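Engineer: I'd like to ask you about the structure that follows.
The values are calculated or read from the model by the stated rules, or taken from the named source; none is laboratory data. Note that the structure is predicted; figures quoted are calculated from it, not measured. Because the Cβ atoms are built from the backbone with ideal geometry, glycine has one as well, and the counts that use them run over all protein chains shown.
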Amino acid sequence: MPTADNRLGVGVYGIGWCAAQHIAAFQKNPHADVTWLCARDEARARANLANANLELPHARMTTRFDDLLAAPDVDIVVITTPNHLHAAEAIAAAGAGKHIVLEKPTGLDLGELVGIRDAVRRAGVRTIVSFELRYNPLLRFAQWMQASGRLGELRFARVQYLSRVTDWYPGWDWVRTRASGRSHLLAAGCHAVDALRWCGGREAVEVSAFHTHFTAGYEWPTSIIVNMALEGRALGHVTSSTDFMMPYTFELELMGDRATLRQDLLQWQDTTLDLDELSTANPFPDVALEAATDPGGRPAIRIRCAMPGSVDVSHHPFQAEIDEIVACVLEDRETSISVFEAQKTMEICLAADRSAELGGRPVSLPFIAE
Ligand SMILES: NC(=O)c1ccc[n+]([C@@H]2O[C@H](COP(=O)([O-])OP(=O)(O)OC[C@H]3O[C@@H](n4cnc5c(N)ncnc54)[C@H](OP(=O)(O)O)[C@@H]3O)[C@@H](O)[C@H]2O)c1
């Protein structure tokens, strides 16, 4: 039930690093109000809010998640707790009839994924999962290039997600454990898997992976490489690691039978991409295209836009995600990254982890029937 001034009420559970971005985004949305906050420790939560320069004088604070679920002035529950808590909380929120913003990873095993799917289906609530890089202009443009056929038939897709997460991270104590963080892909690299799925427009039918462990402190392997057989004979590859001595790097490559997108460069071999045609057709005002040369001196097209180049959540496009769930709740329509859609990304992560545990043995997908 919307609040007195006809805005959707929002309750946030787990007031840490990521929650601050969700709260800030809801505060900027004219159709929503953060009405409740839930944390194990009120003083710690208030300190986290103050650190993020957030003021919520009218939001009620509780230490009991059930209070959020019972509150008539909570329409949307935001779940920004550690990974191992997401599934049970999402199932409870759906059971209480609340719409849900769910942080990744959604579920940590098949049972959790099915549990979330069934609870959300039963309740008919709206959900959005924080694969917010889908709102980054480079990823949006890449997805459009592929879906509009301008790259031709996809032959290969590759994403690298290299993010050196150590004890600087506020969630270090829980993320480094198997019980709570679980695995590199589940805790972090799922963003790369999701980008490959979404931008490449092909589902994985088989996965084979290897992992290794270098960074001290983690209970789980800290690098994983994943090879994928994609629909339509295409191949996919994800490298995801916290081990590399370099700044945060998120790199995307899509190679079709007409043209290739390598991060911010478009290249071709036989069929020239027409810059004027592409600039006219480009639907994204925040993406500019210009003539360039590739490292070999051949003609190419440079893509100028905000890149997915920061680990800091304050640089991530959460606003678009939050605006989408609010619009979808108000207009009673499905979001573009529902738990059903995100489940497919999570299944690839689980398959890759299983394959790596088995020394690289191929694992077939999907795991879960519709
Ligand atoms: N989509 C993205 O780009 C992105 C980026 C970063 C994080 N995330 C996700 O967001 C979630 C939260 O991560 P974060 O970086 O915000 O971590 P964080 O700063 O540690 O925040 C987690 C919050 O949950 C609370 N919490 C911890 N253990 C809990 C427990 N056992 N029961 C209930 N509450 C507990 C903590 O508060 P108290 O200890 O004070 O209770 C803390 O405020 C994770 O699932 C992570 O994967 C997503």
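Engineer: Hey, any hits in region 37-50 for a residue that's over 23 Å from D312 (Cα atoms), among the small types (G, A, S) and out of contact with any Cys (no Cβ under 6 Å at 6 or more places or on another chain)?
Structural biologist: Within region 37-50, one or more residues are over 23 Å from D312 (Cα atoms), among the small types (G, A, S) and out of contact with any Cys (no Cβ under 6 Å at 6 or more places or on another chain).
Engineer: Suppose we filter G296, G309 for residues that are within 16 Å of the ligand (Cβ to nearest atom) and more than 14 Å from the chain's Cα centre (by Cα); which single one remains? Talk me through it step by step, then tell me what you get.
Structural biologist: On the way: G296 fails: within 16 Å of the ligand (Cβ to nearest atom).
Answer to the selection: G309.
Engineer: Restricted to region 1-28, and to residues that are of a type in the set (S, T, N, Q) and at pLDDT 95 or above, which residue is nearest to the ligand (Cβ to nearest atom)?
Structural biologist: Q21
Engineer: Please go through region 157-193 and give me each residue that is near the ligand (Cβ under 10 Å from one of its atoms), part of a helix (DSSP H, G or I) and farther than 14 Å from S310 by Cα, ordered by number.
Structural biologist: W172, D173, W174, V175, L186, A187, C190
Engineer: Look at H58 and say whether it is in the same structural domain as V120 (by TED's automatic domain parsing), within 16 Å of the ligand (Cβ to nearest atom) and either over 23 Å from the mean Cα position of the chain (by Cα) or crowded, with 23+ Cβ neighbours inside 10 Å (or both).
Structural biologist: Taking the combined requirement at face value, the residue does not satisfy it.
Engineer: Oh, and also: Quick one: in region 87-135, of everything that is of a type outside the set (G, A, S) and touching a Gly at 6+ places or on another chain (Cβ under 7 Å), which residue is farthest from the ligand (Cβ to nearest atom)?
Structural biologist: Restricting attention to region 87-135, the residues satisfying the condition of being of a type outside the set (G, A, S) are 89, 91, 98-106, 108-110, 112-114, 116-118, 120-122, 125-129, 131-135.
With touching a Gly at 6+ places or on another chain (Cβ under 7 Å) added as a condition, the list becomes 91, 113, 116, 125.
Details: I91: 16, L113: 15, I116: 14, V125: 20 Å.
Residue satisfying both the conditions and the ranking: V125.
Engineer: Considering region 313-339 alone, what residues qualify as being away from the ligand (no atom under 13 Å from the Cβ) and small (G, A, S)?
Structural biologist: Once the filter is applied, which keeps residues that are away from the ligand (no atom under 13 Å from the Cβ) and small (G, A, S), region 313-339 yields A327, S336, S338.
Engineer: Further question: If I filter region 332-340 for residues that are charged (D, E, K, R), in a helix (DSSP H, G or I) and in the same structural domain as H84 (by TED's automatic domain parsing), do I get at least one hit?
Structural biologist: no
Engineer: While we're looking at this one, here's another question. Which numbered condition in (1) buried (at least 17 other Cβ atoms within 10 Å of the Cβ); (2) closer than 16 Å to Q319 by Cβ; (3) more than 12 Å from the ligand (Cβ to nearest atom) is the only one that H31 fails?
Structural biologist: (1)
Engineer: Let me ask something additional. It is to be established whether one or more residues within region 182-200 are modelled with pLDDT of 95 or more, farther than 15 Å from I224 by Cα and over 16 Å from the mean Cα position of the chain (by Cα).
Structural biologist: no
Engineer: Mind checking which residues of region 282-304 are of a type in the set (K, R), farther than 22 Å from R140 by Cβ and in a strand (DSSP E or B)?
Structural biologist: none
Engineer: What single numbered condition from (1) without any contact (Cβ under 8 Å) to a residue 60 or more places away in the chain; (2) of a type in the set (A, V, I, L, M, F, W, C); (3) under 11 Å from L37 (Cα atoms) fails to hold for I91?
Structural biologist: Tallying (1) without any contact (Cβ under 8 Å) to a residue 60 or more places away in the chain; (2) of a type in the set (A, V, I, L, M, F, W, C); (3) under 11 Å from L37 (Cα atoms), I91 fails exactly one: (3).
Engineer: For region 303-356, name all the residues that are buried (at least 17 other Cβ atoms within 10 Å of the Cβ), over 20 Å from A94 (Cβ atoms) and of a type in the set (G, A, S).
Structural biologist: Residues satisfying the conditions are A351, A352, S355, A356.
Engineer: Tell me, please, whether a residue that is under 15 Å from L151 (Cα atoms) and either surrounded by fewer than 18 Cβ atoms within 10 Å (Cβ to Cβ) or more than 20 Å from the chain's Cα centre (by Cα) (or both) can be found in region 209-229. Show your work before the answer.
Structural biologist: Just the residues of region 209-229 that are under 15 Å from L151 (Cα atoms), to begin with: none.
For region 209-229, residues under 15 Å from L151 (Cα atoms) and either surrounded by fewer than 18 Cβ atoms within 10 Å (Cβ to Cβ) or more than 20 Å from the chain's Cα centre (by Cα) (or both): absent.
Engineer: Checking the conditions here, which among L113, L154, L68, L108 is aliphatic (A, V, I, L, M), surrounded by 20 or more Cβ atoms within 10 Å (Cβ to Cβ) and within 20 Å of G200 (Cα to Cα)?
Structural biologist: L154
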